Each structure stands twice: as C-alpha cells, then as structure tokens.
Amino acid sequence: MESLKEKTAKGLLWGGIANGLQQVLNLVFGIVIAQKLLPSDYGLVGMLAIFSAVAGALQEGGFISALNNRKNVTYADYNSVFWFNLLVSISIYAVLFLCAPLIARFFGEPELTALARYLFVGFVITSLNIAPRAYLFRNLKVKENSLIILFALFLSGIVGVLMAVNKMAYWGLATQTIVYVSTITILTYWITGWRPSLKFTFRPVREMFGFSCKLILTNLCNIVNQNLFTVILGRFYTKVEVGNFSQANKWNYMGHVTLTNMLWGVAQPVFAKVEDDPGRQLAVFRKLLRFTALLAFPAMFGLSIISREFILIAIGEKWLGAASIMQLLCIWGAFVPIQGNFSNLLIARGKSNAYMWCTIALVASVFVAAIGMKPFGMTWMLRVFVGVNIGWLFVWHALVHRTIGLRLIDMLRDIIPYMLLAAALCALAYYLLLGVGSPWLSLVAKVLGVGAAYCLILWLSGSVIFREAVDFLLKRKNKTIDKDAENS
C-alpha cells in the first residue's frame, strides 16, 4: 500500500506539473494565434469540432480503459487493438470525406468542405498511437506521457503561430492539430519501443468489446454534451458568435482539463489496483475527492472572476464578447474534475453500463433543457446547460454509493468546505475590485489576494489534505536538495 501511495503521489505531482506546463504552452500559443486570427476563423474550425471528437471516440473505442482493466495483458492484446482501431479509423475517414459537402451545406459555409477533409486526417494518425498509449497508461508512466505531450504542444504551437503570422487563417489551426497528433504518435512509439505485427487476431478485441462498446457510446455522449452549444450556435447563430463561444470554451477547457488529466493519469489504474479491498478503495476515492476539490474550486472560480481582464490582456478587445460566456462556463468547469473522479471509479470497477446510461441521461436532459430555453436567448441556454451539469453530481454520487457505499453526507463533507471558501473569497475579491480601471492591476490583485487568503485559511484551519500536499512537496524538494549536495 505504501508503494501504491508513493506511485499515486508521484503520478499526481508529475501530472500536475506537466499539465500545468501544457496549459502555459497552450496559453502562450493561443494568445499569439488569437491576436492574428478573427473570431470567424475559430468559428469555422469550431463547427467541425464535434465531428472530429466523435470520430476520435469511435476510433479509440474505450480500449485504453479496457486494456487497463484486463487482468493479464499480452502483446497480442495490444496488437489486436492496434489493427482494429486503424481499420475503424480509415473507414470513418472515408465516410466523413464523402459527407464533407453535406457538413458544409448544413452550416452554410462552403469552405468547410476542403477544411473538413484536411482536418479529419488527424484522427487517422491518432489511431496509430492508441495501443502504445494504453501501455503507458496501464503502467502509470505519467512522466513519459507528459513529456511526449509537452513536446508535441511546443512543436505544433510553433507551426500554428508561423501559419497565423503568414495569414493562413483557419488552415493554420487545422495544421496545428495534425502536427500535434503526428508528433505524439512518433514519440509514443520511440519511448515505448512497441511495434505492431502483421500476425494478429481480433479475439482479444471481441473479449473486450462488451466493456469497451459501452465506453464508446458514453464518450460519444460526453462529446455531444461538450460540443452541444457549438452545434446549436452554428445552426442558429453567426460564425462570429460561434467563434466567441469557442474561444471562451477553449480557456475554460484548458483550466479544468489540467486537473482532469492529472487525475485521469492515476485514478483508474489506482482504483483498479485496490479493487479487491473495498474499504481501501473507498478511502482512496475520498482522498482524491478532497484533493480535487482543494484545487478545482479556487482555480476555476478564480478563472471565472478574471475572465474579462484575461480576455482584454491576452487576446484583445475584439474578443470581449467571449468574456461573459467564459465567466459562466468556468463555474461549471470547477465541477468537471470532481465528476471525473466518479466516472473513473465506475470504469475501474467495470461498471461501464452504469457509466453509459448515466451519461446518456445527462446529455438528453441538457439537450432538452437547452432547446427549451432557446426562445430566451443564448445566455439562458448557457445558464441551464451549466446548472444541469452541476446538478448531475448527485446522480453520479447515487451510482458510486451503490458501488462502494459512499454516503451523501461524506461526499458533501469532502467538497463543500473548499467550494464555499473559494466561492466566498472569489466573490469578495470580485466586488471589492469592481471599480479598478486597470485590467492588469485587477487581475494581479484578484489572483494574489484570493490565492494567499485561500492557502492561509486552509493552513490555519488545519486542513489535512492541504497539509499533506504541502508536506509532500517540501519532502520532494528536500530530497532534491540532498541529492544535489551529494553530487557536488
């Protein structure tokens, strides 16, 4: 158990550092590119986002999680997954290639035909790295996976900036995506040393398909939920409004995905390793829940209250229409990593059926509620979208309660203190600094003020998870200092 605890802590530390650096790179490149492009450029690529995401979910097929849950994994299992994903991806691309003119006609944008056929090449390339990525995931190779993604982000960001500077508009955004997935694929093979073989059988795929097919459907529903407004806005509103929403959602996504990916890299493997000890699994789950709440609420509520200043400073006044949208989305974003813990546990316990139906019900509820609010305008549609997604936390709890016995009162005790403290401090900072004219001064004051007050209050109140996190970081720092002293 101590070994597992140390692995988990190291995985979270590496995941946190790497995902933080990833978002810094995304931030820097995103700012530069957004300053060179127009909202309409982002709107065109945003209209295709749901098609790329759906194709990506179909190609991955839930096999990364399926391989993680498999008791004994062999080379034949990975090889079978590789060839199955490749064949599926080529088939999907052929269908989308033929459907590109219909997509362009649906949105009323003729240039989408060529853009779609080019952008969709990316998920065929991605299909080549699913098997070796599953190996990294199963074996908690968080450090290696993080380094791969960091390099891919850096290289693709450089390409995106160069193409934006040379006025290549939305083609630069599409090329940036293709360079990103191509780099990940090449480096994953180089680091793992894994290679496919022409001698294969689909028997392992058939054995895992009962589990993975439910994850496919679930992932599709998640994608629809995440891209629902892009499709609705693309159908009923202008590409400028779609661009503003896409820009706001991009920054919100960058915020919550930092935590979600950090936890995803360790949660499922760790939950699977303690599956035979229900009491231990419950304790591990609650600890991860507290740790997630500790970070998610101040980070995302904080991003919400600085959305206007951030937009003005980073990408300019032309994007100011995205600020109010980003402010609302970031409130929902605070709950995304928390709900991710619930879905990770269900997947690790093999409850793909419950996970699937819960997600389908969520998407159906959001869609009906959002369409019902359409006569009242985009803002109310967005408010309902956020409200339903946050409220669904209690549905996730009900499923986890049936699985490991997590009581509602315990869940609330684990997350409510951090939520209330972060909300109170952010609201106070927002209203106290409402009259500050300088966006730079307002942003810095809010970030430093809320951050310092949050840490001080947690330390003085004796928050166990906060002190454990600080102790672990100091312990790692001291070990590094001692090692440097020995080498000098």
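Does segment 109-179 come out rounded, prolate or oblate, given a ≥ b ≥ c as the square roots of the eigenvalues of its C-alpha gyration tensor, rounded meaning a/c under 1.5 and, failing that, prolate meaning a/b above b/c?
Values: a/c = 4.75, a/b = 1.73, b/c = 2.75.
Oblate is the answer for segment 109-179, as a/c is 1.5 or above yet b/c matches or exceeds a/b.
With R₀ fixed at 30 Å, the C-beta to C-beta distance from Y75 to W357 puts the FRET efficiency at about 0.30. With both labels modelled 7 Å from their Cα along Cα-to-Cβ, the S324 to F97 distance reads 4.5 nm.
For segment 318-461, the Kirkwood radius over C-alpha pairs fed into Stokes-Einstein at 4 °C and 1.567 mPa s yields D = 73 µm² per second.
Averaging the sequence gap over all C-alpha pairs within less than 8 Å and six or more residues apart, then dividing by the number of residues, gives segment 305-444 a relative contact order of 29 percent. With the highest mean first, a sort of the peptides 190-197, 326-333, 356-363 on other beta-carbon atoms found within 10 angstrom per residue produces 326-333, 356-363, 190-197. The label point for W380 and the one for N139, both projected 7 Å from the Cα toward the Cβ, are 5.6 nm apart. Per residue, the accessible area of segment 120-160 comes to 35 Å², computed with a 1.4 Å probe over protein heavy atoms only. Computed from the Cβ-Cβ distance with R0 of 56 Å, the FRET efficiency linking K167 to A369 stands at 0.85. In terms of the Cα gyration tensor, with a ≥ b ≥ c the square roots of its eigenvalues, is segment 80-204 rounded because a/c is under 1.5, prolate because a/b exceeds b/c, or oblate? Oblate shape, in that a/c is at least 1.5 and b/c is the bigger or equal ratio. Simple spin-label estimate for L420 and F154 gives 4.5 nm between the two label positions (7 Å along the Cα-to-Cβ direction from each Cα). Within segment 439-457, name every residue whose backbone N is under 18 Å away from a label modeled 7 Å from Cα of V470 along the Cβ vector. Label zone hits: 448-457.
The values are calculated or read from the model by the stated rules, or taken from the named source; none is laboratory data. Predicted model only: the values in this text are computed from it and were never measured. All Cβ positions, even for glycine, are placed from backbone atoms using ideal geometry, and neighbour counts span all protein chains on display. Accessible surface areas use protein heavy atoms only, side chains included; no ligands, DNA or RNA. Shrake-Rupley method; radii C 1.70, N 1.55, O 1.52, S 1.80 Å.
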